[in-house]
Amino acid sequence: MKVKMILPALTEAISPHWRPIKYSLFPPLGLATIAAFFQLDDEIVIQDEHIEAIDLEDEPDLVVIQVYITSAYRAYELADYYRQRGIYVALGGLHVTALPEEASLHADTIFIGPGEDTWPQFLKHWQVGKPEKVYVSRERSLIDLPKIRRDLIKRHLYLVPNSIVVSRGCPHHCDFCYKESFFKGGKSFYTETVDRALEEIAELPGRHLFFLDDHLFGDTRFASGLFDGMKGMGRVWQAAGTVHAVLQPNLLEKAVESGLRSLFIGFETLNSTNLRQQHKYHNLNRDYTEAIRRLHDLGVMINGSFVFGMDEDDETVFDRTVEWAINNGIETATFHILTPYPGTDLYQRMATENRLTSDNWDLYDTRHVVFQPNKMTAEVLEAGYLCAYRDFYRWNAIFQSVSTKNTWEQKLRHLIYAGAWKKFEFLWDLIIRAEQVNKVLPMLESVLDGFGKKSAIAIIA
Ligand code: B12
Ligand code: SF4
């Protein structure tokens, strides 16, 4: 059987004028995960539109498309194109799960939720010519799964080919997060076994790893076992975690000993009423500054995530947040405009309060305002968001933030990391076009690792 698997891109990612580095970071892990269920003699191609043009002249027997909200229209366009040619189309992923009725207009079969249980069922039915219209995931497990088909990934076109997920979901329940609706009807947080995760890690070439788990530290026993097992593997790695996890005694130290060098942290807001309203209780009454100090003392750089537009935010929130992030020496920041994804409790609340102002999914990219904010206008929110990015990544702000670091090595590392990420976008554009992005990986490894001085490990020892 000939199978074509597609990760469609949002418009910005395929601009002929500009190629932002963030779209050349990670390969399509979700598609490679379900590709593992095909027979070895099936001919499978994975095409990721973020890094290559989709070949539309082919004649596959089956087309599989992963749909995110921001790429939904493109996904439907591709699906309609193949279906018009009589080719069977299967759609799955987050947006299909959130809005199955919309997606089913463009598919022969749709998949609700994670695909590890439903995809093999579909393949069995397909082989006997009786595939169903809808498959709903109920059994959630990562035990005894076939190996991810990493051989189908074009590693050389990504800065971070070694992305990995060893768990699914998250133990928390924030109102704005995709996870509650995606995992409805079954477990919403589960992990691989430690042994299986270590086996997968051992098979990945090179040193660098990026864990894409929503919350790698969410199960303390699992995380602790994983970090113990990774000790001595010589890896440098990045991941996402919570303030709470960072404040837990010993776990962070173990992570650092096993190679953690940069962590994405969802601070989201500095306002406790906002946190309460979004049900982000695990951030409530946590000492953010202490979490930052702990990370920096252990040599871990921080990518702080902040959301603007919650109900307590007014036009002063932008400056306050940026100033706080700079004064705390946060190396990189990711700002978002609050976005009520369909399927979330936040979406439901906004709909009930008649505050949704757009159902154009292209605008649900966390850079546009698609609802009526409470204490400011949509225009002020969008402008404030743009200013926050500009102000945080001004050279003088970067230098101010760098000056909070104690040693020259830490200062240099901060400067290079923040600068490379946001100040040399024209260079990334050239590198991506020349298909040389993966050649920059050794530099990333070196910066993460404090230029090979193993500073963090020395601190622990
Ligand atoms: C890596 C990542 C990216 C990467 C690349 C994405 C990629 N290569 O897949 C980059 C940096 C490009 C990116 C960009 C953005 N992202 Co992003 N990203 C992620 C992240 C952290 C991990 C994705 C991942 O690999 N998961 C692990 C794999 C195993 O899971 P999976 O991909 O979901 O696949 C499983 C199922 O979905 C299902 N499945 C998927 N497709 C199909 C198809 C079929 C037929 C079947 C049966 C099953 C199936 O089976 C798979 C196995 O279970 C997620 C968070 C998350 N946990 O998902 C956010 C996330 C997907 N991103 C999100 C957003 C908002 C964005 C941006 C808009 C952010 C921005 N402001 O720029 C952009 C635009 C995305 C786009 N192209 O449209 C949101 C999506 C919300 C939504 N409802 O769609 C998420 C959920 C983050 C969040 N918590 O809000 N992202
Ligand atoms: S902690 Fe993060 S991943 Fe977990 S529910 Fe909240 S926003 Fe989602």
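Here are the numbers for this structure:
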item: Residues located in region 365-383, provided they are out of contact with any Asp or Glu (no Cβ under 6 Å at 6 or more places or on another chain) and not acidic (Asp, Glu); result: 366, 367, 368, 370, 371, 372, 373, 377, 378, 381, 383
item: Residue among 365, 311, 359 that alone is surrounded by fewer than 22 Cβ atoms within 10 Å (Cβ to Cβ) and either more than 16 Å from ligand 1 (Cβ to nearest atom) or in a strand (DSSP E or B) (or both); result: 311
item: Count of residues meeting criterion [more than 29 Å from residue 98 (Cα to Cα) and hydrophobic (A, V, I, L, M, F, W, C)] in region 198-235; result: 11
item: Candidate set from region 38-62 (those that are out of contact with any strand residue (DSSP E or B) (no Cβ under 6 Å at 6 or more places or on another chain) and within 9 Å of ligand 1 (Cβ to nearest atom)); member that is farthest from residue 430 (Cα to Cα); result: 49
item: Region 13-44, residues that are in contact with an Asp or Glu (Cβ under 8 Å, 6 or more places away or on another chain) and surrounded by fewer than 17 Cβ atoms within 10 Å (Cβ to Cβ); result: 18, 20
item: Scan of region 155-168 for residues that are within 16 Å of ligand 2 (Cβ to nearest atom) and out of contact with any Asp or Glu (no Cβ under 6 Å at 6 or more places or on another chain), ordered by number; result: 168
item: Only one of 330, 302 that is at pLDDT 95 or above, out of contact with any Cys (no Cβ under 9 Å at 6 or more places or on another chain), outside any strand (DSSP E or B) and in the same structural domain as residue 248 (by TED's automatic domain parsing); result: 330
item: In region 134-163, the residues that are modelled with pLDDT under 95, within 12 Å of ligand 1 (Cβ to nearest atom) and not in a loop (DSSP other than H, G, I, E, B); result: 157
item: Of all residues making up region 131-159, the number that are touching a strand residue (DSSP E or B) at 6+ places or on another chain (Cβ under 9 Å), charged (D, E, K, R) and closer than 27 Å to residue 49 by Cβ; result: 3
item: Residue under evaluation residue 281, criteria (1) surrounded by 23 or more Cβ atoms within 10 Å (Cβ to Cβ); (2) within 24 Å of the chain's Cα centre (by Cα); (3) over 23 Å from residue 423 (Cα atoms); (4) more than 16 Å from ligand 1 (Cβ to nearest atom), criterion not met; result: (1)
item: Region 394-406, residues that are hydroxyl-bearing (Ser, Thr, Tyr) and in contact (Cβ under 8 Å) with a residue 40 or more places away in the chain; result: 401, 404
item: Selection count where residues are among the small types (Gly, Ala, Ser) and within 14 Å of ligand 1 (Cβ to nearest atom), scope region 336-356; result: 1
item: Condition check for residue 261: surrounded by 20 or more Cβ atoms within 10 Å (Cβ to Cβ), modelled with pLDDT of 95 or more, of a type in the set (D, E, K, R) and touching a Gly at 6+ places or on another chain (Cβ under 6 Å); result: no
item: Some residue of region 251-269 being within 20 Å of residue 383 (Cβ to Cβ) and either within 16 Å of ligand 1 (Cβ to nearest atom) or assigned by TED's automatic domain parsing to the domain that holds residue 170 (or both); result: yes
item: Whichever residue in region 176-194 is among the charged types (D, E, K, R) and within 9 Å of ligand 2 (Cβ to nearest atom) and, among such residues, is modelled with the lowest pLDDT; result: 180
item: Residue match in region 197-212 (condition: farther than 24 Å from residue 22 by Cβ and within 15 Å of ligand 1 (Cβ to nearest atom)); result: yes
item: Top-ranked residue of region 2-25 - restricted to ones that are at pLDDT 95 or above and among the hydrophobic types (A, V, I, L, M, F, W, C), ranked as nearest to the chain's Cα centre (by Cα); result: 7
item: Selection from region 199-226 of residues that are assigned to a loop (DSSP other than H, G, I, E, B), closer than 20 Å to residue 253 by Cα and among the small types (Gly, Ala, Ser); result: 218
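The values are calculated or read from the model by the stated rules, or taken from the named source; none is laboratory data. This one's a predicted model, so the numbers in the text were calculated from it and none came from an experiment. FYI the Cβ positions are ideal-geometry reconstructions off the backbone, even for glycines, and counts take in every protein chain you see.
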